[in-house]
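Engineer: Have a look at this one before I ask anything.
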Amino acid sequence: MQGILRHTLKLALVSALVAASAFAAPQSQDPPSQDPAKTPPPAQPQTQQQTGSQPVPQKDTVTPKNSKEDVEAIGNRSVGKGINLYSLEREISLGKQLAQEVERSSKLIDDPIVTEYVNRVGQNLVRNSDARVPFTIKVIDSDEVNAFALPGGFFYVNSGLVLRAQEESELAGVMAHEISHVCARNGTKNATKGELMQLATIPLILLGPGGWAGYGVYQGLNLAIPVTYLKFSRDAEREADYLGIQYMYKTGYDPNSYVTFFERIQADEKRRPGTIPKVFSTHPPTPERIENTQKEIARILPARQEYIVTTSEFDNVKARLRNIMFSRKVTDNAPGKPTLRTKTEQSKKQPTGNDPNGTDDDRPTLKRRPDSQP
């Protein structure tokens, strides 16, 4: 029975974590507007005191009420505690299996400059987080603006997210949010809820009128139970927002960039209703997330003279990635590239036999060589 539960949970984790990844953002065809006040100099990292149209005012000093509010205690806090049937070793093993399934169905960006840069940004955030597992960070070749982290630190960033971000700090904010889910162990804690629900339900089935026959029916339907518990709850998303701004602040990034990314999502939804994916329904509404994040920035993050907003390297990597994606699309749409035709398409070109003039250009024909003897 434990083997059945583990197999069920593995399949459910893949579908839930990929389909309902924690920080999916809508994809818009409209080019994002660039704020001239935030345009970075081309040759060096940009730092500034404020970002966005209305930066959040921060206190010079704050008094944390507990360790979870103390950014100086990051790395030595009890983040991720709670009921969890998964040890860290088992969580890493599970994440590795899920990662293999993700990579079998995805195409990865293999450009060393792009992958090294994204990995370096992510690992820098990990070093300034409460992570207790090593992270493996890769870039998926996908236009969808998204990123997701599997249990055990297996982290995937879509190329569409890198291209959608206007600044390095925005990219870092999304990555920090996903790192927070791993630090809080949301995936395996939700899987634990699913296991406990299954274990609590089985005795009722066995003792019911159906007996073992009822258990057989349960085996055929139990995939629906874990999925319900593996989608991140709104509370889990709020926690990831809360931890994410701390991790990017600790790394040196401007936490206001986290807000500007949300504001862009909100603007896209107002301009084109329905652009936010359905999986976003499990997340708190965007206006609420903006408001909560602004409150936490003002309450728990001391003011700094300078923040990292973006770098010239980000601009260079983004341009390089854009060229890679453009080249791929040109290659995929090349006129001479072989294509597959359905049987129906091929049958339409076959002569009917009633038309003496009908021909099939695709059929091979034999011709006599001009220099051949009769």
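The values are calculated or read from the model by the stated rules, or taken from the named source; none is laboratory data. This one's a predicted model, so the numbers in the text were calculated from it and none came from an experiment. Quick reminder, even Gly has a Cβ in these numbers, built from the backbone with ideal geometry, and neighbours come from all protein chains shown. Ligands, DNA and RNA are excluded from the accessible area calculation, which covers all protein heavy atoms including side chains. Shrake-Rupley method; radii C 1.70, N 1.55, O 1.52, S 1.80 Å.
Engineer: Can you tell me which of V121, V133 is in a helix (DSSP H, G or I) and at pLDDT 90 or above?
Structural biologist: V121
Engineer: How about the range 288-310: which of its residues are open to solvent by 20 Å² or more (accessible area, probe 1.4 Å), in contact with a Pro (Cβ under 7 Å, 6 or more places away or on another chain) and within 21 Å of A165 (Cα to Cα)?
Structural biologist: Once the filter is applied, which keeps residues that are open to solvent by 20 Å² or more (accessible area, probe 1.4 Å), in contact with a Pro (Cβ under 7 Å, 6 or more places away or on another chain) and within 21 Å of A165 (Cα to Cα), the range 288-310 yields only I308.
Engineer: Starting from residues that are modelled with pLDDT of 85 or more and not in a helix (DSSP H, G or I), keep the ones in the range 175-210 and report whichever is surrounded by the fewest Cβ atoms within 10 Å (Cβ to Cβ).
Structural biologist: Among those that are modelled with pLDDT of 85 or more and not in a helix (DSSP H, G or I), it is A184.
Engineer: Still on this model: Could you tell me whether any residue of the range 334-354 is at pLDDT 60 or above, among the hydroxyl-bearing types (S, T, Y) and part of a loop (DSSP other than H, G, I, E, B)?
Structural biologist: No - not one qualifying residue is present in the range 334-354.
Engineer: Are any of the residues in the range 112-121 within 23 Å of T293 (Cβ to Cβ) and over 14 Å from the mean Cα position of the chain (by Cα)?
Structural biologist: So far as the range 112-121 goes, yes, one or more of its residues are within 23 Å of T293 (Cβ to Cβ) and over 14 Å from the mean Cα position of the chain (by Cα).
Engineer: Here's a follow-up. Of all the residues that make up the range 161-174, how many are open to solvent by 10 Å² or more (accessible area, probe 1.4 Å) and in a helix (DSSP H, G or I)?
Structural biologist: Filtering the range 161-174 down to residues open to solvent by 10 Å² or more (accessible area, probe 1.4 Å) leaves 163-164, 166, 168.
Restricting the remaining residues to those that are in a helix (DSSP H, G or I) gives 163-164, 168.
Adding up the residues that qualify gives 3.
Engineer: Among the residues that make up the range 135-158, is at least one of them among the β-branched types (V, I, T), touching a Phe, Trp or Tyr at 6+ places or on another chain (Cβ under 6 Å) and open to solvent by 50 Å² or more (accessible area, probe 1.4 Å)?
Structural biologist: yes
Engineer: Which one is nearest to Q166 (Cα to Cα), of the residues in the range 228-269 that are at pLDDT 95 or above and among the aromatic types (F, W, Y)?
Structural biologist: Per the criteria, the residue is Y253.
Engineer: Something else now. Being in contact with a helix residue (DSSP H, G or I) (Cβ under 9 Å, 6 or more places away or on another chain) and open to solvent by 30 Å² or more (accessible area, probe 1.4 Å) is the filter here; which residues of the range 121-130 pass it?
Structural biologist: N124, R127, N128 - these are the residues of the range 121-130 that are in contact with a helix residue (DSSP H, G or I) (Cβ under 9 Å, 6 or more places away or on another chain) and open to solvent by 30 Å² or more (accessible area, probe 1.4 Å).
Engineer: What are the pairs, 6+ residues apart or on separate chains, where a residue within the range 82-103 that is within 16 Å of A184 (Cα to Cα) has its Cβ under 7 Å from a residue that is open to solvent by 70 Å² or more (accessible area, probe 1.4 Å)?
Structural biologist: Listed pairs, sorted by first residue: L88/R132.
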